[in-house]
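Everything on this sheet refers to the single structure shown next.
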Amino acid sequence: MSGAFDTYPSLESAYSTRFRGHLHRDLQEWAERHYYEAAAEIPPHAEEVWLNRQKLNYRGIADKKLIKHLIASKVDQTFLEEIGNLPDLRRLDLEAPFLGDDLTPLRSLRRLEHLSIDSPRKLSNFSALLELPSLRTLLITNAKKMPNITWLAEAHHLEVIGIEGAIDSDYTIESLAPLAGLRSLRAFLGVSTRLADKSLMPLARCPKLEFLSIARCA
């Protein structure tokens with residue numbers, strides 16, 4: 001290893017950090033510089049914001065039009081609708097638990113490149129995410145109501161896909177067959193994910209695949 005990878009204990013951890021987008025999300029730094037108690041406290045020029053929903057403290061975030069990276073937790077449907085009015089948003093981290101039941105407000109985020117959704121409790125339909133033209137990284141964790149991943153079969157624009165379980169709860173995928181042949185896929189992240197058919201072979205048909213993050217899934 002050399003250069004930027006020298007600070008990591010292994011090549012695997014370096015690639016995992018890179019593909020998960022953690023290079024640009026040091027939580028200690030964010031807590032010190034970008035955390036706000038309420039949307040009313042966010043400066044109009046802020047581009048990076050961390051906000052945890054407490055009652056209605058998110059109201060007005062839709063007016064912060066320059067936000068490019070938002071970390072938000074306990075997001076409900078009305079909070080999500082405000083987020084959908086941030087035209088310059090490039091990265092959105094919806095921290096656990098995500099309480100919305102409809103992702104269509106995100107369809108207006110035409111510049112969104114990176115989306116992570118942790119522990120969506122009510123969601124079963126994720127297909128609206130395929131309408132985000134700039135999306136390249138999609139990470140979904142602990143989606144207990146997502147029936148399968150067939151909706152990803154035509155996601156040729158995605159470069160990183162993460163379908164993962166929780167630390168104390170595996171998520172089972174019937175098969176990786178829907179991902180076979182995805183033209184842009186560079187990384188598949190599947191920690192705490194099991195495969196019912198125990199086969200990784202569909203990923204062999206992804207011409208640009210360079211990294212897998214899995215453990216005993218097949």
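The values are calculated or read from the model by the stated rules, or taken from the named source; none is laboratory data. Predicted, not measured: the structure shown is a model, and the values here were computed from it. So basically every Cβ, Gly included, is an ideal-geometry build from the backbone, and we count neighbours across all protein chains shown. All accessible areas refer to the heavy atoms of the entire protein, side chains included, with ligands and DNA or RNA removed. Shrake-Rupley method; radii C 1.70, N 1.55, O 1.52, S 1.80 Å.
Scan segment 76-91 for residues that are farther than 15 Å from Y58 by Cα and not basic (K, R) and report the count. Qualifying residue count, segment 76-91: 3. Applying a threshold of 8 Å to beta carbon distances and a minimum spacing of six or more residues, or different chains, the list of pairs starting in segment 136-160 at a residue that is over 11 Å from L179 (Cβ atoms) and open to solvent by 50 Å² or more (accessible area, probe 1.4 Å) and ending at one that is part of a strand (DSSP E or B) and at pLDDT 95 or above reads R136/H114; R136/V160; K145/P120; E159/T137; E159/A187. Filtering segment 161-184 to residues that are assigned to a loop (DSSP other than H, G, I, E, B) and either under 17 Å from the mean Cα position of the chain (by Cα) or surrounded by fewer than 20 Cβ atoms within 10 Å (Cβ to Cβ) (or both) leaves G165, I167, D168, D170, E174, S175, A180, G181, R183, S184. Residues that are open to solvent by 20 Å² or more (accessible area, probe 1.4 Å) and either of a type in the set (A, V, I, L, M, F, W, C) or assigned to a loop (DSSP other than H, G, I, E, B) (or both) within segment 105-117 comprise R110, R111, E113, listed in sequence order.
Among the residues of segment 145-152, some residue qualifies, meaning at least one is of a type in the set (S, T, N, Q) and in contact with a helix residue (DSSP H, G or I) (Cβ under 6 Å, 6 or more places away or on another chain). Only one of the numbered conditions (1) of a type in the set (K, R); (2) in contact (Cβ under 8 Å) with a residue 40 or more places away in the chain; (3) farther than 25 Å from A46 by Cβ is violated by R91, and that is (3). Of everything listed in (1) farther than 22 Å from A218 by Cβ; (2) open to solvent by 40 Å² or more (accessible area, probe 1.4 Å); (3) in a strand (DSSP E or B), the single unmet condition for D102 is (3). For segment 185-214, the candidate set comprises residues that are open to solvent by less than 20 Å² (accessible area, probe 1.4 Å) and part of a loop (DSSP other than H, G, I, E, B); within that set, the residue that is farthest from G21 (Cα to Cα) is C206. Quick one: would you say R111 is within 17 Å of E131 (Cβ to Cβ), touching a Leu at 6+ places or on another chain (Cβ under 7 Å) and among the basic types (K, R)? It is true that R111 is within 17 Å of E131 (Cβ to Cβ), touching a Leu at 6+ places or on another chain (Cβ under 7 Å) and among the basic types (K, R).
Looking at segment 118-126, is at least one residue under 24 Å from R205 (Cα atoms) and either open to solvent by 20 Å² or more (accessible area, probe 1.4 Å) or in a helix (DSSP H, G or I) (or both)? No, segment 118-126 contains no residue that is under 24 Å from R205 (Cα atoms) and either open to solvent by 20 Å² or more (accessible area, probe 1.4 Å) or in a helix (DSSP H, G or I) (or both).
Out of the residues in segment 24-65 that are charged (D, E, K, R) and open to solvent by less than 70 Å² (accessible area, probe 1.4 Å), state the one that is nearest to D76 (Cα to Cα).
Taking segment 24-65 and keeping what is charged (D, E, K, R), we get 25-26, 29, 32-33, 37, 41, 47-48, 53, 55, 59, 63-65.
The next check asks that each one be open to solvent by less than 70 Å² (accessible area, probe 1.4 Å); those that pass are 25, 53, 64.
Details: R25: 23, R53: 8, K64: 19 Å.
Here the residue is R53.
The residue that is modelled with the highest pLDDT, counting only those in segment 6-23 that are open to solvent by less than 60 Å² (accessible area, probe 1.4 Å) and not in a helix (DSSP H, G or I), is G21. The set of residues in segment 66-75 being over 30 Å from S213 (Cα atoms) and surrounded by fewer than 17 Cβ atoms within 10 Å (Cβ to Cβ) consists of L66 alone.
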